[in-house]
Amino acid sequence: MKHKVLIVTSNYYQDISKNLVKDAAKVLEKSKIKYKIINVTGVFEIPVIIAKNIKKYDGFIALGCVIRGETAHFDFISKASIDGIMLLSINYKKPIGNGILTCNNHSQASARSDLKGNKRKGKEAAQAVTSVLKIK
């Protein structure tokens, strides 16, 4: 069976998202899984795009970055986005790889999206989805 995966990525921090997408795409291509990419403005929009496409795809990969600022906005956006993704995954019984970085600063985010680093969150999110899709 051929699987289809949708990558939904926030472009708020384009340098970070670009690396996350490249890494996730490599995993899907290696696994011969078809995929499409939809770009959104921020991570808060990711769950709604997944919800709109939930019946069209076998799995999803959520990619983006939230960097802590001086207000509580970071906490609200991070929690709401991740809770929304988890709820969709459970309710529809479809894997959603969470590659949304929640970092204290841009340097941490860069390290977690670096294509040569050890903490490659785009790759990990894609591997999580592909491993669940292989389970019958």
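Close contacts from segment 56-70, counting a first residue that is within 17 Å of SER107 (Cα to Cα) and crowded, with 23+ Cβ neighbours inside 10 Å and a second that is at pLDDT 95 or above and charged (D, E, K, R), with Cβ to Cβ under 7 Å and a gap of 6+ residues or different chains, come to none at all. For segment 43-70, residues that are in a loop (DSSP other than H, G, I, E, B) and at pLDDT below 95 total 3. Just one of the numbered conditions (1) closer than 18 Å to ALA128 by Cα; (2) touching a residue at least 12 places away in the same chain (Cβ under 8 Å); (3) of a type outside the set (Lys, Arg) is not true of PHE44: (1). Can you find a residue that is surrounded by fewer than 22 Cβ atoms within 10 Å (Cβ to Cβ), among the aliphatic types (A, V, I, L, M) and outside any helix (DSSP H, G or I) anywhere in segment 23-36? So far as segment 23-36 goes, yes, one or more of its residues are surrounded by fewer than 22 Cβ atoms within 10 Å (Cβ to Cβ), among the aliphatic types (A, V, I, L, M) and outside any helix (DSSP H, G or I). The set of residues in segment 71-112 being β-branched (Val, Ile, Thr), within 15 Å of the chain's Cα centre (by Cα) and either over 20 Å from ALA126 (Cβ atoms) or in a helix (DSSP H, G or I) (or both) consists of ILE77, ILE82, ILE85. When the residues of segment 1-16 are narrowed to those that are modelled with pLDDT under 95 and of a type in the set (S, T, N, Q), which ends up nearest to VAL129 (Cα to Cα)? It comes out as ASN11. Assess whether ALA126 counts as being in contact (Cβ under 8 Å) with a residue 60 or more places away in the chain and either farther than 17 Å from TYR57 by Cβ or surrounded by 18 or more Cβ atoms within 10 Å (Cβ to Cβ) (or both). The answer is yes for ALA126.
The residues listed here are SER81, SER113; of these, the one that is of a type in the set (Ser, Thr, Tyr), in contact (Cβ under 8 Å) with a residue 60 or more places away in the chain, under 18 Å from ILE7 (Cβ atoms) and in contact with a helix residue (DSSP H, G or I) (Cβ under 8 Å, 6 or more places away or on another chain) is SER113.
Of all the listed residues (GLY99, GLY42), the sole one being closer than 15 Å to SER10 by Cα, surrounded by fewer than 17 Cβ atoms within 10 Å (Cβ to Cβ) and in contact with a strand residue (DSSP E or B) (Cβ under 8 Å, 6 or more places away or on another chain) is GLY42.
The values are calculated or read from the model by the stated rules, or taken from the named source; none is laboratory data. In this text the structure is predicted, and so the values were computed from the model without any measurement. Positions of Cβ are backbone-derived with ideal geometry, glycine not excepted, and every protein chain shown enters the neighbour counts.
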